[in-house]
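Accompanying notes for the structure given below.
The values are calculated or read from the model by the stated rules, or taken from the named source; none is laboratory data. It should be emphasised that the depicted structure is a prediction, and the values quoted were computed from it without experimental measurement. Please note: Cβ atoms are built from the backbone with ideal geometry, for glycine as well, and neighbour counts cover all protein chains shown. SASA here: full protein model, heavy atoms, side chains in, ligands and nucleic acids out. Shrake-Rupley method; radii C 1.70, N 1.55, O 1.52, S 1.80 Å.
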Amino acid sequence: MNDILIHIESGVMTITLNRLEKKNSITSAMYAAMAGAIGQADTDASVRAVVIQGHVSIFSAGNDLGDFLNAPHTTQDAPVHQFLHAISVFPKPLVAAVCGPAVGIGTTMLFHCDLVYAGDNAAFSMPFVNLGLCPEAASSLLAPQMMGYHRAAEALLLGEPFMAEAALELGLVNRIVVPTEANSLAQAQARKLAAKPMGPLVETKRLMKSGQASRVAQQMGEEALSFARMLREPAAREAFSAFMEKRKPDFSGL
Ligand code: COA
């Protein structure tokens, strides 16, 4: 089965995470497929907006933890970085529908979406420290900006999940609906955007983002270097092994 589904209709490209048996965790091949789709959406004039969605029960369990061990993101051109770069500079509207857990990059990619609709079962988390890692996707910059420093510290240092209501209050999501309606709401909003004049839409998005575009790119680069270093260090190796062995990690001495 294809782990990433791409569908174009009524000016909207829909990218669906479709690896349910592994909770929509994202492999390098999936990042590459999504980066390619976003690139196509950028250049294809018939695509006027993009929706990223998961399943009604789960958005994404984040990066595939086996991949972290086998295909670590040690280079700047790793598929994960291509994907993050693609969504961070994508000029057209990007809409997300999130139900169930959105772990790690499942949450951080939302900082680059223009509109986010959540099922009332959505649970957001950025447990990078718990995995012996640091934030990515410029979330170390964008989370404090959006949430305020102390709430970002709770989310990024403690790695505690927060639910849809909290995400709405923080400004990370636009609206909460019953989970079965999240994908269709995102689709309807994307189609509204696709019907608008492209020039003004793209220019408005550019203007909203231009103030800190270079800062975001710089932060992503800095995070990527730290992330790649930490992937090779004992805390991360212990965290990934513990996950695979279905036990609690032992960080004593680390
Ligand atoms: N990478 C690889 N495999 C993953 C995964 C991930 N990030 N998340 C889940 N899976 C796999 C599990 O290993 C399990 O595989 P198995 O059936 O072969 O044993 C399967 O998906 C189901 O996961 P399970 O944990 O049993 O589902 P759940 O409904 O109890 O919990 C989550 C769902 C998302 C809360 C939980 O899977 C989880 O916390 N995953 C890890 C999240 C994470 O740390 N991501 C990295 C962020 S940087």
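Of all residues in the range 112-127, those satisfying the criterion of being of a type in the set (A, V, I, L, M, F, W, C) and in contact (Cβ under 8 Å) with a residue 40 or more places away in the chain are Cys113, Leu115, Val116, Ala118, Ala122, Ala123, Phe124. Of the candidates Val50, Val89, Val95, the single residue that is open to solvent by 10 Å² or more (accessible area, probe 1.4 Å) and of a type in the set (Val, Ile, Thr) is Val89.
When the range 1-25 is filtered for residues that are in a strand (DSSP E or B) and crowded, with 16+ Cβ neighbours inside 10 Å, the ones remaining, listed by number, are Ile4, Ile6, Val12, Met13, Thr14, Ile15, Thr16, Leu17.
Please tell me if Glu154 is modelled with pLDDT under 95, open to solvent by 80 Å² or more (accessible area, probe 1.4 Å) and closer than 30 Å to Asp67 by Cα. The answer is no for Glu154. Being open to solvent by 30 Å² or more (accessible area, probe 1.4 Å) and either in a loop (DSSP other than H, G, I, E, B) or modelled with pLDDT under 95 (or both): is that true of Asn130 here? Criteria not met by Asn130. Filtered by the rule that a residue be in contact (Cβ under 8 Å) with a residue 24 or more places away in the chain, in contact with an Asp or Glu (Cβ under 9 Å, 6 or more places away or on another chain) and assigned to a helix (DSSP H, G or I), the range 140-164 gives Ser140, Leu141, Met147, Ala164. Among the helices (runs of 4 or more DSSP H) confined to the range 26-109, the ones with at least 1 residues that are away from the ligand (no atom under 12 Å from the Cβ) and more than 13 Å from the chain's Cα centre (by Cα) are located at 28-43, 79-89. Scanning the range 9-25 for residues that are away from the ligand (no atom under 13 Å from the Cβ) and either more than 13 Å from Leu94 (Cα to Cα) or touching a His at 6+ places or on another chain (Cβ under 9 Å) (or both) gives Glu9, Ser10, Met13, Thr14, Ile15, Thr16, Asn18. Evaluated against (1) part of a helix (DSSP H, G or I); (2) more than 24 Å from Ser139 (Cα to Cα); (3) modelled with pLDDT under 95, Gly199 falls short on exactly one condition, (3).
Tell me which residues, restricted to the range 74-84, are out of contact with any Lys or Arg (no Cβ under 9 Å at 6 or more places or on another chain), in contact (Cβ under 8 Å) with a residue 12 or more places away in the chain and surrounded by fewer than 21 Cβ atoms within 10 Å (Cβ to Cβ). The answer is Thr75, Gln76, Ala78, Gln82.
Table: residues versus (1) open to solvent by less than 50 Å² (accessible area, probe 1.4 Å); (2) under 23 Å from Pro93 (Cα atoms); (3) under 18 Å from the mean Cα position of the chain (by Cα).
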site: Asp120; (1), (2), (3): no, no, no
site: Arg175; (1), (2), (3): no, yes, yes
site: Ala182; (1), (2), (3): yes, yes, yes
site: Leu185; (1), (2), (3): yes, yes, no
site: Arg191; (1), (2), (3): no, yes, no
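If the condition is being polar (S, T, N, Q) and within 16 Å of the ligand (Cβ to nearest atom), then the range 132-153 contributes Ser139, Ser140. Kindly evaluate Ser226 against the criterion of being away from the ligand (no atom under 13 Å from the Cβ), farther than 18 Å from Leu156 by Cα and open to solvent by 30 Å² or more (accessible area, probe 1.4 Å). For Ser226, the condition - away from the ligand (no atom under 13 Å from the Cβ), farther than 18 Å from Leu156 by Cα and open to solvent by 30 Å² or more (accessible area, probe 1.4 Å) - is not met.
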